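*Asks:* What follows is a single structure, and I will ask about it in a moment.
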Amino acid sequence: MQSDVSAAMLKRVEELQRLAESIAEHHPYWPTLYFTLELLRRVLEKWHSDFTREELEELKWLVEKVADSVAKIPPKD
């Protein structure tokens, strides 16, 4: 078990993911929250190692999902 800051951050992200699962998925911010936390989790899991080409492609896909979900948030005028 890692005893460094990345392990502590990963634990907090996983806690936030569990909490986010209890939030209604129809909320307009939910996809942004979900994909952002998933991106953070994957980065922290690999904090002390390198990403494979496939893992990097998955990160890029998650970044796109975050951007798409932010674009769908209705603005308050």
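*Asks:* May I ask you to list the residues in segment 21-37 that are part of a helix (DSSP H, G or I), among the polar types (S, T, N, Q) and either farther than 17 Å from ALA67 by Cα or touching a Gly at 6+ places or on another chain (Cβ under 9 Å) (or both)? Working first, answer last.
*Replies:* So the first thing to find is which residues in segment 21-37 are part of a helix (DSSP H, G or I), and the list is 21, 30-37.
Okay, now just the ones that are also among the polar types (S, T, N, Q), so 32, 36.
Of everything in segment 21-37, nothing turns out to be part of a helix (DSSP H, G or I), among the polar types (S, T, N, Q) and either farther than 17 Å from ALA67 by Cα or touching a Gly at 6+ places or on another chain (Cβ under 9 Å) (or both).
*Asks:* Looking at segment 23-58, which of its residues are hydroxyl-bearing (Ser, Thr, Tyr) and open to solvent by 90 Å² or more (accessible area, probe 1.4 Å)?
*Replies:* First, pick out the residues of segment 23-58 that are hydroxyl-bearing (Ser, Thr, Tyr): 29, 32, 34, 36, 49, 52.
Those that are hydroxyl-bearing (Ser, Thr, Tyr) and open to solvent by 90 Å² or more (accessible area, probe 1.4 Å): TYR29, TYR34.
Conditions (1) among the aliphatic types (A, V, I, L, M); (2) assigned to a helix (DSSP H, G or I); (3) in contact with a helix residue (DSSP H, G or I) (Cβ under 7 Å, 6 or more places away or on another chain), marked per residue:
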| site | (1), (2), (3) |
| --- | --- |
| MET9 | yes, yes, yes |
| GLU14 | no, yes, yes |
| LEU19 | yes, yes, no |
| LEU39 | yes, yes, yes |
| TRP47 | no, no, yes |
| LEU59 | yes, yes, yes |
| LYS65 | no, yes, yes |
| VAL70 | yes, yes, yes |
| LYS76 | no, no, no |
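*Asks:* Out of all the residues in segment 67-75, is one or more under 12 Å from the mean Cα position of the chain (by Cα) and surrounded by 15 or more Cβ atoms within 10 Å (Cβ to Cβ)?
*Replies:* Looking for residues that are under 12 Å from the mean Cα position of the chain (by Cα) and surrounded by 15 or more Cβ atoms within 10 Å (Cβ to Cβ), one finds none in segment 67-75, hence no.
The values are calculated or read from the model by the stated rules, or taken from the named source; none is laboratory data. Keep in mind that what you see is a predicted model, and the values were worked out from it rather than measured. All Cβ positions, even for glycine, are placed from backbone atoms using ideal geometry, and neighbour counts span all protein chains on display. Calculation scope for accessible area: heavy atoms of the full protein, side chains included, ligands and nucleic acids excluded. Shrake-Rupley method; radii C 1.70, N 1.55, O 1.52, S 1.80 Å.
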